[in-house]
Amino acid sequence: MILRSLVSEINGSRKITRRRPPRFELIAGNVCLDFVNTLDDRHTKPKELLENYLDLARFAEDTCLLDSNQVDRLFARSQTDPERAQEALKWARELREAIHDVFWAIINRRPAPPLALAQLNGSVQNAAEHMRLVPVKGGFEWNFDDLNQFERVLWPIARAAADLLTSDQLPYVRACSSKTCEWFFLDTSKNHHRRWCDMTRCGNRAKVQRFYERQKKASS
Ligand SMILES: [Zn+2]
């Protein structure tokens, strides 16, 4: 069956075909940080947004790591080989927690926990084994082989984390100021004073709360 593309996006020089509406709130400005945010309300009432392999594939689709056809193929394969798909999901969650722990330490000005860093290093090395340079118009870009492997979703995420950790953007990785949220994001605002993952999601909620507390104080 041929479905008409609803969305086509340019990711670097690759054209990505996406025909489903996005499912994930991508506010972080970097795929590895959006990936961390797939465990919602992590420090209060953790809610797992990657409940099954399809969720992971859909995250990859939303972030343009895979196109809709690749997601369909991986999902079909996950139905026939659920054990390996489940294993890849487990690795995905482990990678996510490792990325979280490393960046959380950096945000809190502490050394990166050795175990989390070792785990991330393992994933980065694994990703490197599948990376290859391909010529594109005007130059080259990194690409990944073995498109049909369940864990191929994890390689670009591990790579993005490594790139961010070694970039001059690292000091601008933040956690949302809402204590119930603490979603990660890259603060690319002009003055680097961004406090909220998203104004509508957390910023306004905090404003309303402050207003309420001021009113309460004034009336007591
Ligand atoms: Zn937030």
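Bear in mind that the values in this text are calculations on the coordinates, not laboratory data. Worth saying up front: this structure is predicted, and the values here are computed from it rather than measured. Here Cβ is always computed from backbone atoms with ideal geometry, including for glycine, and neighbour counts include all displayed protein chains.
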Quiz prompt | Every residue from region 128-148 that is free of Cβ contacts under 8 Å to residues at least 40 places away in the same chain and closer than 20 Å to residue 58 by Cα | solution = 143, 144, 145, 146
Quiz prompt | Filtered residues of region 169-207 (kept if on the phi > 0 side of the Ramachandran plot and within 14 Å of the ligand (Cβ to nearest atom)) | solution = 182
